[in-house]
There are 2 protein chains.
Amino acid sequence: MSDLAKQSLDTSSAAATKLLKEQIENLLPQLPDWVVKNVDSVERIEKVYTFKDFNAALSFTNQVGALAEQEDHHPALLTEWGQVTVTWWSHKLGGLHRNDLIMAARTDQLD
Amino acid sequence: MSDLAKQSLDTSSAAATKLLKEQIENLLPQLPDWVVKNVDSVERIEKVYTFKDFNAALSFTNQVGALAEQEDHHPALLTEWGQVTVTWWSHKLGGLHRNDLIMAARTDQLD
């Protein structure tokens, strides 16, 4: 288990600040195969998980969905035959919060 | 129920031809809010369904997934908080087959 995955989400408004580029780079080594993508000037963290068929992919989507509901923090989940693309970001901040990287680490634990 | 939704999929190899632009335009009036999108020169048909929260969206994703498994024809399903974007196309053909429009009509019946 990575250190990140063990951490609790910080949902206080005082914690509502985007990560700086340097902070992201320091945490990324704990998140293998996750990549930071800038979509419409919003940084997100994304990973593609592969599976043997559609049902296995959909099953993973549901697992990530349950994790998201548990923390009331929701990703975008693109389910296709044999793969799921998981994308985390903080909608309100318009970018990446430390919570997103914690959720990414927890997503890896489901795989 | 639209006429399209009542039709069976044609899975014979002889039927493996892409729809012509005119054929798509003739069928689209039966598919409200579905739009044809060209992604990397591959035509797809796409619709965004909205829901009250994440769980309702994920529930719809599972319904479409069950329909897809039943016909062994699979879409891309982008699940987000309050919405699901459903995209149908025929991977092998690299474009739209009549089957994709039938599946789009059947997706509407689930909503």
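Pairs are defined by a Cβ separation below 8 Å, a sequence spacing of at least 6 or placement on different chains, a first member in the stretch B:68-85 that is at positive phi, and a second member that is crowded, with 17+ Cβ neighbours inside 10 Å; the pairs so defined are B:G82/B:F51; B:G82/B:F54; B:G82/B:A57.
Within the stretch A:67-111, track down each residue that is farther than 13 Å from B:T79 by Cα and of a type in the set (G, A, S). A:G82, A:S90, A:G94, A:G95, A:A104, A:A105, listed by residue number.
Each residue in the stretch A:67-111 was checked for being more than 12 Å from chain B (Cβ to nearest Cβ), hydroxyl-bearing (S, T, Y) and more than 13 Å from the chain's Cα centre (by Cα), and 0 pass. Only one of the numbered conditions (1) at pLDDT 95 or above; (2) buried (at least 17 other Cβ atoms within 10 Å of the Cβ) is violated by A:V48, and that is (2). If you go through the stretch B:28-66 and keep only what is within 13 Å of chain A (Cβ to nearest Cβ) and touching a residue at least 40 places away in the same chain (Cβ under 8 Å), you end up with B:R44, B:E46, B:F60, B:Q63, B:V64. A Cβ distance below 8 Å, combined with a sequence gap of six or more or placement on separate chains, defines the contacts here; from the stretch A:15-27, residues that are of a type outside the set (K, R) reach residues that are loosely packed, with under 11 Cβ neighbours inside 10 Å and not in a helix (DSSP H, G or I) in the pairs A:A16/A:K92.
The values are calculated or read from the model by the stated rules, or taken from the named source; none is laboratory data. This structure is a prediction, so every number in the text was calculated from the model and none was measured. Please note: Cβ atoms are built from the backbone with ideal geometry, for glycine as well, and neighbour counts cover all protein chains shown.
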